[in-house]
1. Given the options 172, 152, 54, state which has the largest fluctuation in a GNM of the chain using a 10 Å cut-off (strictly under) for Cα springs.
2. In the stretch 60-132, which trypsin sites (Lys or Arg not before Pro) fall in coil by DSSP and have 14 or fewer other Cβ atoms within 10 Å?
3. Summing -39500 (n - 2.57) over the DSSP H runs of n ≥ 4 in the chain and dividing by its residue number, what mean residue ellipticity at 222 nm do you reach, to the nearest 500 deg cm²/dmol?
4. Where does the stretch 70-189 land on the Kirkwood hydrodynamic radius, alpha-carbon pairs, in angstrom?
5. So if R0 is 41 Å, what FRET efficiency would residue 41 and residue 191 give, r being the distance between their Cβ atoms, rounded to the nearest 0.05?
6. Anyone know which of 168, 68, 29 comes out most mobile in the 10 Å Cα GNM of the chain?
7. Near residue 85, within a Cβ-to-Cβ distance under 11 Å, what is the net charge of the other residues, with Lys and Arg +1 and Asp and Glu -1?
8. With a/c under 1.5 counting as rounded, go ahead and sort the stretch 1-56 into rounded, prolate or oblate using the C-alpha gyration tensor (a ≥ b ≥ c being the square roots of the eigenvalues; past the cut-off, prolate if a/b is larger than b/c, else oblate).
Amino acid sequence: NTEISWTDHTLNLFWGCVKVSPGCKFCYADTLDNRYNHDDRHWGPGSSRKLVRSWKKNLNDMRKSAIANNRRETVFVMSMGDIFEDDQPLSNNHDTNWKTTNDVRQEFFGMVDDYPELIFLLLTKRPENIYGMVPMHWLGDMWPQNVWFGTSIVNQDEVVPRLKALSALSDSGRTFISVEPMLGPVTLNVNIG
C-alpha cells in the first residue's frame with residue numbers, strides 16, 4: 001500500500017535512475033536510496049540498479065487486495081525509478097534469470113494480461129522510449145486494457161516534447177499527465193504539431 005493519493009499500490013521492479021529533468025533535483029527516490037543504500041548507490045551515470053527480488057510476490061499480494069476489496073485497484077509501477085529508462089545492469093541479480101533492467105521489464109510486461117484486477121500506471125520522464133520498449137504485440141490495437149501510460153512535466157519547456165511523445169500513444173486510449181514537482185507555470189493547451 002502507499003500514501004500516494006492517486007494510486008492504491010506501488011510496485012518497484014528495481015531501484016535507481018539517471019536524472020533527466022530539472023524536477024529530478026528533488027527526487028525523493030534518490031534521497032531514500034541514499035539513506036538505505038549509501039554504500040551502494042543506484043542513481044547517476046554508471047550506477048547499477050538494485051533488483052527488488054520480491055516484486056512478483058508483491059504483485060500477487062496486490063491482486064489479492066483487489067479481489068478482497070471487489071474492485072480494480074491501481075498500481076503505480078516504479079516509484080523508485082523510471083520504467084522506461086534505458087537498459088541498465090542489476091547489482092544484486094545473483095542466482096536470478098534477470099541480468100539487466102530490460103530483462104525484468106520485459107518479464108513484467110509479459111505478465112500484465114494475467115492481472116485484469118489491476119490497472120498499471122506507467123509514469124515516465126522518458127515517454128519517447130515507450131514505443132521502443134513495450135512488447136511488439138502491444139503496438140496498434142493490442143494495447144493491454146489495464147495499462148495507462150503517463151509522463152511527468154515540471155515546467156513549460158517539457159510540455160511540447162513530452163506531450164508529443166505521449167500523443168503517439170493515443171491509440172492505446174489510456175494516457176495521463178502528472179505535473180509534479182511544478183517548478184513554474186505550466187500551460188497544457190499548446191500545439192504539439
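The values are calculated or read from the model by the stated rules, or taken from the named source; none is laboratory data. All values reported here derive from a predicted model rather than from experimental measurement. Note that we place each Cβ from the backbone using ideal geometry, even for glycine, and neighbour counts take in every protein chain shown. Only protein heavy atoms, including side chains, enter the accessible area calculation; ligands, DNA and RNA are left aside. Shrake-Rupley method; radii C 1.70, N 1.55, O 1.52, S 1.80 Å.
1. Ranking 172, 152, 54 by mean-square fluctuation puts 54 first.
2. Details: sites: 63, 64, 71, 72, 99, 105, 125; in loops: 71, 72, 99, 125.
The qualifying sites are 71, 72, 99.
3. On the way: 5 runs with 51 residues, N = 193.
That calculation yields -8000 deg cm²/dmol at 222 nm.
4. Working: mean 1/r = 0.0647 Å⁻¹.
Kirkwood hydrodynamic radius for the stretch 70-189: 15.4 Å.
5. Working: r = 41 Å, r/R0 = 1.00.
Result of the calculation: an efficiency of 0.50.
6. Maximum among the listed residues: 68.
7. Numbers: positive: 19, 49, 105, 125, 126; negative: 82, 86, 87.
Taking every other residue near residue 85 into account, the sum is +2.
8. Values: a/c = 1.90, a/b = 1.24, b/c = 1.54.
Oblate.
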